[in-house]
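The following block contains the structure, expressed as structure tokens.
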Amino acid sequence: MRAKRRVLAFAAVVAVSTLLAACGSSGGSGGTSKSSGPIKIGVALTYNNTAFWSAYINYEQQYAKQMNIKLLGPLLAGADASLQNQQIENLVNEGAQAIVVNPETATSLGPAISYAAAHHVQLVSVDTIVGAGKVYMVVRASNTLYGQSACAYISQTVKSGYVLDLEGDLTSSNGADRTNAFNDCMKANDPGVTVLAKPTVWTDATAVTDAQNAINAYGSQLKAIYSQWSSPDTGIIPLLKSKGLGAGSPNHVMLISDDGVPFEMCDIGNGTVDASQSQPADLYAKWALTYAVDAAKGVKLAAGQPGGGAPTLQNVTYQGDTNLADPIVAPFVTKTQQTLTISSPVDGLPGSLTTSPVTDQNLWGNVYGAAHGGVCSATT
């Protein structure tokens, strides 16, 4: 999901800590020789004023240089789907050979997809399933893995009481996938726990109020809170502390969230957040550009072939449209490295995972934080 908390546009160039690996899923086509000239790739995004998308843009610029790509954009549409469709048409007319897009919604790109297809240009969608036509590839973290990872972390120690699930927007594929996977996993692996499901539509104030109500109602019988995005953490942490349920308390309530922004890295380090799924800005940029180059070259890919961010490419269906996707395995971050296991995984996911320690300086939140005075100082 898009990180919800706004920040100033990211101006400093983020140092990418690892060199771009050779393309795996596309037969090594993730770059071009300089003698052949750069490939023109258009970029149409929704925002650039969150830590995540600011970091993404800078990783994209770094990878584009390594892959001999000329970027056209990024163009920013804000919340205007009509504008985004027009911007994609403009990129086609400017000579883009493929276009990377973060759609305003999963169903808003129909006109742009049709226009681009008529000019033999394909789109790569980042972070959003598409249900408005055919795109070349969907580059998006496995949100079912998000939900299962939170379940695996909680179920290893919590066997009774209540767990609060602060759900995202259930009409979005990201919110629905996280919620369904978490609920299914908890039911199968932690049946002694009662899950308190609270839909929030990604609204911070609603999430914090729901957390406050649960804390007041259940006290120490509330064992964990899963917030499906990071922004509510800043309101939930002081609530837990005020009730004697925060870090260091014998009745500590676990707090697990999703995004991987710098303040989560800070909070995991100091123990006020227990874990977070890190939505990987670096991998999004790397594989979106890799597949855009493949699209420009006419490379044919299919489900079952090796993925870049996932073990294999998969077909995903939304609103009746089926598109090929690389469901990236995102890092699940804890204070120290752990191996988590569950006996009944969901949706064919593996039953164990190894977490990334918060000290891993390759995590995008740590990279961004280091460029902004440290993870506990960076505005996110």
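The values are calculated or read from the model by the stated rules, or taken from the named source; none is laboratory data. This one's a predicted model, so the numbers in the text were calculated from it and none came from an experiment. Glycine gets a Cβ as well: all are built from the backbone with ideal geometry, and neighbour counts include every protein chain shown. With ligands, DNA and RNA removed, areas are computed over all heavy atoms of the protein, side chains included. Shrake-Rupley method; radii C 1.70, N 1.55, O 1.52, S 1.80 Å.
Quick one: length gained pulling Ser249 to Thr312 fully straight, 0.36 nm per residue minus the C-alpha distance?
Net length gain for the segment: 18.4 nm.
Residue separation times 0.36 nm, minus the C-alpha to C-alpha distance between Ala217 and Ser343: what's the value? Write down the numbers at each step before the final one.
Details: separation 126, 0.36 × 126 = 45.36 nm, distance 3.12 nm.
Length gained between Ala217 and Ser343: 42.2 nm.
How much length is gained if the chain between Thr171 and Thr234 is pulled fully straight, taking 0.36 nm per residue apart and subtracting their Cα-Cα distance, in nm to one decimal?
Roughly 20.2 nm would be gained on extension.
Could you identify which residue out of Pro199, Pro191, Pro306 has the top mean-square fluctuation in a GNM of the chain using Cα springs shorter than 10 Å?
Evaluated over the chain, the most mobile residue of the options is Pro191.
In straight Cα distance, which lysines are under 21 Å from Lys241, not counting same-chain residues fewer than 8 positions off?
Lys223, Lys335
Sketch the reach of a paramagnetic label on His119 as a point 7 Å from Cα along Cα-to-Cβ, and name the residues of region 283-297 whose backbone nitrogen lies under 16 Å away.
Residues 296 qualify, since their backbone N sits under 16 Å from the label point.
How large is ³J(HN,Hα) for each residue in region 109-116, as worked out from phi by the Karplus curve 6.51 cos²θ - 1.76 cosθ + 1.60 (θ = phi - 60°), to whole Hz, x for Gly and Pro?
Result, ordered by residue: 9, x, x, 5, 4, 5, 5, 5 Hz.
Cα gyration tensor of region 117-222, axes a ≥ b ≥ c as square roots of the eigenvalues: rounded (a/c below 1.5), prolate (a/b > b/c) or oblate?
prolate
So what is the calculated 222 nm ellipticity per residue for the chain, using -39500 (n - 2.57) for each DSSP H run with n of 4 or more, over all residues, to the nearest 500 deg cm²/dmol?
Calculated mean residue ellipticity at 222 nm is -10500 deg cm²/dmol.
Of the candidates Gln279, Gln66, Gln314, which one comes out as most mobile in a Gaussian network treatment of the chain with C-alpha springs shorter than 10 Å?
Between Gln279, Gln66, Gln314, it is Gln66 that shows the largest mean-square fluctuation.
Per the Debye formula with a single identical scatterer at each Cα and no solvent contribution, what log10 I(q)/I(0) holds for region 310-380 at q = 0.14, 0.15, 0.20, 0.21 Å⁻¹?
-0.68, -0.74, -0.93, -0.95
Work out from phi, with θ = phi - 60° and the Karplus expression 6.51 cos²θ - 1.76 cosθ + 1.60, the ³J(HN,Hα) of each residue of region 117-128, listed in order in whole Hz, and give x for Gly and Pro.
Rounded to whole hertz, the list is 4, 5, 10, 6, 10, 10, 10, 10, 8, 10, 6, 9.
Would you mind getting me the FRET efficiency between Ser160 and Asn48? Use the beta-carbon distance for r and R0 = 51 Å, nearest 0.05.
Plugging the Cβ-Cβ distance into 1/(1 + (r/R0)^6) gives 0.70.
When a/c reaches 1.5 or more, the comparison of a/b and b/c decides; with that in mind, is region 42-104 rounded, prolate or oblate per its Cα gyration tensor?
oblate
Take Lys187 and Ala370, extend 7 Å from each Cα along the Cα→Cβ direction, and tell me the distance between the two endpoints in nm.
About 4.4 nm separates the two model spin labels.
From Cα coordinates alone, what are the radius of gyration and Dmax values for the chain in angstrom?
Rg then Dmax for the chain, in Å: 20.4, 67.
Report the label-to-label distance for Thr336 and Lys65 in nanometres (one decimal), using points 7 Å from each Cα along the Cα→Cβ vector.
Each label point lies 7 Å from its Cα, and together they span 3.9 nm.
Tell me the accessible surface of Met67 in square angstrom (1.4 angstrom probe, heavy atoms of protein chains only), to the nearest ten.
0 Å²
Measuring from label point to label point, each 7 Å out along Cα→Cβ, what is the Thr354 to Gln305 span in nm?
A separation of 2.9 nm, rounded to one decimal place.
With a 1.4 Å probe and all protein chains kept in place, how much accessible area does Ser377 have, in Å² rounded to the nearest 10?
Counting only protein heavy atoms, the figure is 80 Å².
At 1.4 Å probe size, what's the solvent-accessible area of His119? Round to the nearest 10 Å².
Result for His119: roughly 90 Å² accessible.
Going by alpha carbons, how many degrees (0 to 90, nearest 10) lie between the helix axis of 281-297 and the longest principal axis of the chain?
So the inclination is approximately 30 degrees.
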